[in-house]
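Step one of this worksheet: look at the structure below.
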Protein chains: 2
Amino acid sequence: MDATLEILIASGAKIETEEIEVGEKVYLSGNTAGIAAASWDVIRRNKIFLKAPITTPQGGGYKSLNVTTRKFLGLYSNVRPCMSLHPFVTTKHPIMDVVIIRENEEDLYAGIEHQQTDEVVQCLKLISRPGCEKIVRYAFEYAKQQNRKKVTCFTKDNIMKQTDGLFHQVFDEIAAEYPEIENEHWIIDIGAAKMADTPEAFDVIVMPNLYGDVLSDIAAQITGSVGLAGSANIGEECSMFEAIHGSAPRRAGQNVANPSGLLQGAVMMLNHIGETEAAEKIQNAWLKTLEDGIHTYDIYKEGSSSQKVGTKEFAQAVIANLGHKPAVLKPVSYASNVALNLPKYIKRPAAKKTLVGVDVFVHWNGTNPEIIAESVLKLAKNGLELTMITNRGIKVWPEGFSETFCTDHWRCRFKPANGGEITKHHINELLSSAIDENIDTIKTENLYEFDGTRAYSLGQGQ
Amino acid sequence: MDATLEILIASGAKIETEEIEVGEKVYLSGNTAGIAAASWDVIRRNKIFLKAPITTPQGGGYKSLNVTTRKFLGLYSNVRPCMSLHPFVTTKHPIMDVVIIRENEEDLYAGIEHQQTDEVVQCLKLISRPGCEKIVRYAFEYAKQQNRKKVTCFTKDNIMKQTDGLFHQVFDEIAAEYPEIENEHWIIDIGAAKMADTPEAFDVIVMPNLYGDVLSDIAAQITGSVGLAGSANIGEECSMFEAIHGSAPRRAGQNVANPSGLLQGAVMMLNHIGETEAAEKIQNAWLKTLEDGIHTYDIYKEGSSSQKVGTKEFAQAVIANLGHKPAVLKPVSYASNVALNLPKYIKRPAAKKTLVGVDVFVHWNGTNPEIIAESVLKLAKNGLELTMITNRGIKVWPEGFSETFCTDHWRCRFKPANGGEITKHHINELLSSAIDENIDTIKTENLYEFDGTRAYSLGQGQ
């Protein structure tokens, strides 16, 4: 952080700073969030947060501060430009210039996990329409501002037809508002393979949270080093800027770390607050320094680098280059950046929601579906019928396969018999009967139709 | 399929075949599973299934036949060797030889999705102890059989501490039983970046399902082409073998497709059933054919390839090479393959499970957490108290941030007040009260301790 601040000050950027302590020390003092209440006040007052890499201790219920900050402050958009600096930084992908736009608040990062049986643990993947709309619109607005030609969407909607399907659907809706920008969708597995092999095929890529996490690290790495990329986390009110890489506790305080990641975050910060002149000055000086072959250990290469330097010396070299431009790499110009048009999310009118059944999950330690079916069938009364039992999503009753491996986690689907109706009262009666019958219910998922369309998946093999 | 079968027959493999129709035609005839009941009988009788690439139509509730087959037949292990064939197939990673072992039944591929509010859709990620134990043991047994030196595990357990945490924990447990094989764990984002950039750092990599899906495609692609890799899907009773790539409907029937992916699957099949002699013969003939520069369009390169051929001509060239070995690429020898030691999963004794609370999820269309809290607090009676409300996992009550973006999906956590107890009856009373108070509950998740240890995540920022 010191090296980056020194460069910011030397650039003449009109900023004031306040420093707060977050991360490991705060966690280990017993604060599971990794940040003190007073520090939140500072961030919320200043709105702009430049964050050094920190460590989340593993185990012990510590919550990732990165995730907490993004979500508390509603930082829905994570922006990670990944550009090759060939021939000054070694890369197998010399003509790469990809920007990953990652949804930043939801998906599996909701962090909602439950263990309810001996064998099975669950995490909820949540995808929301506002989450999708905000990030996809951000991607197209960003592409428009930066004169980018194409926005690509990656999802796994051939498997997750509703969650990833929603992301894909919203992408198509919003893409239609930007006819001047090319758009395309790839299934994440093949898309990731293509990006890792031929990144020059992509320009801006927008993705749900988890995919974006993994692919932005790949994209940064294959430019030559994850140490060279910064990231912006943009919200409607506050924003946070950081290096994309995590902390390296073993290297801390040894004057060896490459400050480029955090510096790139700082340049995005300066652009964000309108200090485009200082941002441009720093970015060009940084490119010139890399071009000069002044490299920290992580990118130093005998022959092509000219000097191996520590953190402080690298920062001094960038400062000395302020006002200079690179000769081979393309100098940047931020003067004409226009603001993004990002209206606040407006809630849509509610659809007609109809309860049409319930999935009741049962903890049972046996393995034969016929036996649990016999027991659970006792709950099928008051106009409800048991329509199927699945184990890890695969139908095991009726007409299951003996080859199917069964855990102790059984999902039992109940629906109204003979085209009848179901109410919340039916569900409560069902759960009461389960207590009487000694059936260990552990969770429920109501089944709905929205405007007459089924809004839950079928069982695998149903 | 025809080209591959022709090679199998020419190799002298002692196999008999029965052909069944699966996939697109079956789906479009109205069968959402993509396979007829009679076809299942054939597969279960023969136990061994060589499957051509098929297409799952998007939308309309069609279930992926690939996923269904893997799960119905309990095919828990997906094995994908990804080896560079440098200099005969162009690659940026000439010394790559990685095997991805992917858990094949659970994770988000359980396919359990529910939409319960206007804005939010959910998919369940399920990770089980037997699922983890089986796949991790398979990876170490495979490494041992193939004289591999290292098994690496990728998870995201810094965020998903319980689900991915379980996978990592089981990996550590089982790795200890194989002291002669090196083991290591990487967080998936950095691990994927490393693998995409420097695959020679890895040997065997074992992963949960989704990560394995994406990373095995990356690994195959960066060897030069996804068209060159086959995969085995191994269960306790049945097994399925296939190409790792999907179908390419636009290229079907044009005699242009590269049959290598399916052929590689077939070679794994022959090895699996003990036809190691035929397997070795085909594999060496295939390597020799690639070495001869006889290439289909997907890997053909002016200069390094000698001949651009169609599917049939490629198969004929492989057949002509049966009995020959490659000169530059390393010939294979399967004669000394020993069987894997894969005991059936044995259930562990149940832990002491204690109900300690419940998460009740509510659909509410407002945005101010204080207002929903006021309403939901009415349910906090009979010895229960409301301890927090989260939105997409982030705590919004008590003491939320006005900056936090809220969807219409609220998780309300209830626990016994004053150190009291909670029973299933309390939960039912709570749900009944919700009906009376017009609070739209959409799902529940019970909170448990196992042997006194908390088995659910805290809220983000709690």
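In peptide B:449-458, how many Cβ atoms from other protein chains are near each Cβ within 10 Å, on average? Write down the numbers at each step before the final one.
On the way: counts 1, 4, 0, 0, 1, 2, 6, 7, 10, 7.
The shielding value for this peptide is 4.
Under 20 Å Cα to Cα from B:Lys353, which aspartates and glutamates show up? Leave out anything in the same chain fewer than 8 places away.
Partners found: A:Glu113, A:Asp118, A:Glu119, A:Asp408, A:Asp436, A:Glu437, A:Asp440, B:Glu421, B:Glu445, B:Glu449, B:Asp451.
To the nearest 10 degrees, how steeply does helix B:209-222 sit against the main Cα axis of chain B, on a 0 to 90 scale?
In chain B, helix B:209-222 runs at an angle near 30 degrees to the longest axis.
Which GluC sites (Glu not before Pro) in the stretch B:153-202 sit in a loop by DSSP (not H, G, I, E or B) and have at most 13 other Cβ atoms within 10 Å of their own Cβ?
Details: sites: B:Glu173, B:Glu177, B:Glu180, B:Glu182, B:Glu184, B:Glu200; in loops: B:Glu177, B:Glu180.
Loop-located and lightly packed - B:Glu177, B:Glu180.
Hey, if we sort A:Tyr456, B:Tyr334 by accessible area with the 1.4 Å probe, largest down, what's the order?
Numbers: A:Tyr456 10, B:Tyr334 35 Å².
Listed by decreasing accessible area, they come as B:Tyr334, A:Tyr456.
Helix A:276-291 against the longest principal axis of chain A: what's the angle in degrees, Cα atoms only, rounded to the nearest 10?
80
Ignoring ligands, DNA and RNA, how do A:His93, B:His363, B:His272 rank by accessible area with a 1.4 Å probe, largest first? Intermediate results must be reported in sequence, preceding the final value.
Numbers: A:His93 5, B:His363 30, B:His272 85 Å².
Reading off the accessible areas and sorting them downward yields B:His272, B:His363, A:His93.
For A:Leu126, what accessible surface area do you get with a 1.4 Å probe? Give it in Å², rounded to 10.
Here the residue's solvent-accessible area equals roughly 0 Å².
Here is the link list: A:Lys134/B:Lys125; B:Lys134/B:Lys281; A:Lys194/B:Lys51; A:Lys125/B:Lys71; A:Lys381/B:Lys134. Which ones come out longer than 29 Å on Cα distance? Intermediate values should be presented prior to the final figure.
Details: A:Lys134/B:Lys125 24 Å; B:Lys134/B:Lys281 31 Å; A:Lys194/B:Lys51 24 Å; A:Lys125/B:Lys71 21 Å; A:Lys381/B:Lys134 39 Å.
Among A:Lys134/B:Lys125; B:Lys134/B:Lys281; A:Lys194/B:Lys51; A:Lys125/B:Lys71; A:Lys381/B:Lys134, the Cα-Cα distance tops 29 Å for B:Lys134/B:Lys281; A:Lys381/B:Lys134.
Ballpark to the nearest 100 Å², how much total accessible area do A and B bury together, probe 1.4 Å? Mind showing how you got there, number by number?
Details: alone 22820 and 22810 Å², together 34350 Å².
Using a 1.4 Å probe, the pair buries roughly 11300 Å².
Please compute the contact order of the stretch B:90-239 in relative form: average sequence separation of alpha-carbon pairs under 8 Å and at least six residues apart, divided by the residue count, as a percent. Let's see the in-between values first.
Details: 237 pairs, mean separation 53.1, N = 150.
Over the stretch B:90-239, the number comes to 35 percent.
Between the helical axis of B:424-436 and the dominant principal axis of chain B, each derived from Cα atoms, what acute angle in degrees is found, rounded to the nearest 10?
The two axes meet at around 70 degrees.
Could you compute how much accessible surface B:His245 exposes when probed at 1.4 Å, giving the result in Å² to the nearest 10?
Accessible area, nearest 10 Å²: 50 Å².
Leaving out ligands, DNA and RNA, and with a 1.4 Å probe, what % of the accessible surface on the stretch A:1-140 is carbon or sulfur? Numbers along the way, then the final one.
Details: 2390 of 4650 Å².
With neighbouring chains kept in place, the figure for the stretch A:1-140 is 51 percent.
Convert 37 °C to kelvin, take the viscosity as 0.692 mPa s, use the Kirkwood radius over C-alpha pairs of the stretch A:256-295 as Rh, and evaluate the Stokes-Einstein diffusion coefficient in µm²/s, rounded to a whole number. Walk me through the numbers on the way to the answer.
Values: Rh = 10.5 Å.
Using the Kirkwood radius from Cα pairs, D works out to 313 µm²/s.
In square angstrom, what is the accessible area per residue of chain B with a 1.4 angstrom probe?
On the way: 17160 Å² over 462 residues.
About 37 Å² of surface per residue is accessible.
Taking the Cα centre as origin and putting +1 on Lys and Arg beta-carbons and -1 on Asp and Glu beta-carbons, what dipole magnitude results for the protein assembly as shown, to the nearest 20 debye? Before the final figure, lay out the partial values.
Numbers: 94 positive and 116 negative charges, 104 e Å.
Here the protein assembly as shown has a charge dipole of around 500 debye.
Just reorder B:Ile222, B:Ile20 by solvent-accessible area, largest first, 1.4 Å probe, all chains present.
Working: B:Ile222 0, B:Ile20 45 Å².
So, going from the largest accessible area down, we get B:Ile20, B:Ile222.
Looking at the protein assembly as shown, what % of its DSSP beta bridges pair antiparallel, to the nearest 5? Write out the running numbers ahead of the final one.
Values: 108 of 148 bridges.
That works out to approximately 75 percent antiparallel.
Calculate, axis by axis, the spread of Cα positions in the stretch B:223-367 along the three principal axes, and write the results as whole Å, longest axis first.
Sorted from largest, the Cα extents of the stretch B:223-367 read 69, 49, 26 Å.
Exposed loop sites here are trypsin sites (Lys or Arg not before Pro) in DSSP loop states with at most 16 other C-beta atoms within 10 Å. What is the longest stretch of chain A lacking them? Display every interim value, and only then the final one.
Numbers: sites that count: A:Lys14, A:Lys47, A:Lys149, A:Lys301, A:Lys344, A:Lys347, A:Lys352, A:Lys381.
Free of exposed loop sites, the longest segment is A:150-300.
Could you please tell me the mean projected area of the C-alpha convex hull for chain B, averaged over all directions and given in square nanometres to one decimal? Intermediate results must be reported in sequence, preceding the final value.
On the way: hull surface 102.7 nm².
Answer in nm², one decimal: 25.7.
Which one, A:Leu379, A:Gly366, A:Tyr345, is farthest towards the positive end of the dipole of the stretch A:345-412 when Lys and Arg carry +1 and Asp and Glu -1 on their Cβ?
So the residue furthest toward the plus end is A:Tyr345.
I'd like the mean, over residues of B:436-448, of how many other protein chain beta carbons sit within 10 Å of each residue's own Cβ. Don't jump to the answer; show the numbers that get you there.
On the way: counts 0, 0, 0, 0, 4, 5, 8, 7, 10, 11, 9, 4, 6.
That works out to 5 on average.
Treat every Asp and Glu Cβ in chain B as -1 and every Lys and Arg Cβ as +1, leave all other atoms uncharged, and give the resulting dipole magnitude about the Cα centre to the nearest 20 debye. Working shown, then result.
Numbers: 47 positive and 58 negative charges, 150 e Å.
I would put it at about 720 debye.
Give me the accessible area of A:Tyr138, 1.4 Å probe, in Å² rounded to the nearest 10.
That residue has around 10 Å² of solvent-accessible surface.
For every helix of n ≥ 4 consecutive DSSP H residues, a contribution of -39,500 (n - 2.57) applies; sum these over chain A, divide by its total residues, and give [θ] at 222 nm rounded to the nearest 500 deg cm²/dmol. Provide the component values of the computation, followed by the final result.
Values: 13 runs with 146 residues, N = 462.
Here the helix-only value at 222 nm equals -9500 deg cm²/dmol.
Counting other C-beta atoms within 10 Å, and keeping those with at most 14, which DSSP coil GluC sites (Glu not before Pro) do you find in the stretch A:268-360?
Working: sites: A:Glu275, A:Glu277, A:Glu280, A:Glu291, A:Glu302, A:Glu313; in loops: A:Glu275, A:Glu302.
For GluC sites (Glu not before Pro) across the stretch A:268-360 that sit outside H, G, I, E and B with at most 14 neighbouring Cβ atoms in 10 Å, the list reads A:Glu302.
If you average over every viewing direction, what projected area does the convex hull of the Cα atoms of the stretch A:382-462 give, in nm²?
Details: hull surface 24.6 nm².
Answer in nm², one decimal: 6.2.
If the cut-off is a Cα-Cα distance under 20 Å, which aspartates and glutamates reach A:Lys330, setting aside same-chain residues fewer than 8 apart in sequence?
In chain and number order, the partners are A:Asp97, A:Glu200, A:Asp203, A:Glu277, A:Glu280, A:Glu291, A:Asp292.
Can you tell me the relative contact order of chain B? Whole percent, Cα pairs under 8 Å, sequence separation 6 or more. Before the final figure, lay out each step's value.
Numbers: 889 pairs, mean separation 72.2, N = 462.
Relative contact order, chain B: 16 percent.
The values are calculated or read from the model by the stated rules, or taken from the named source; none is laboratory data. On a predicted model such as this, the values are computed, not experimentally measured, just so you know. Don't worry about glycine lacking a Cβ; one is built from the backbone with ideal geometry, like all the others, and counts go over all protein chains shown. Quick note on the areas: whole protein, heavy atoms, side chains included, nothing else; ligands and nucleic acids left out. Shrake-Rupley method; radii C 1.70, N 1.55, O 1.52, S 1.80 Å.
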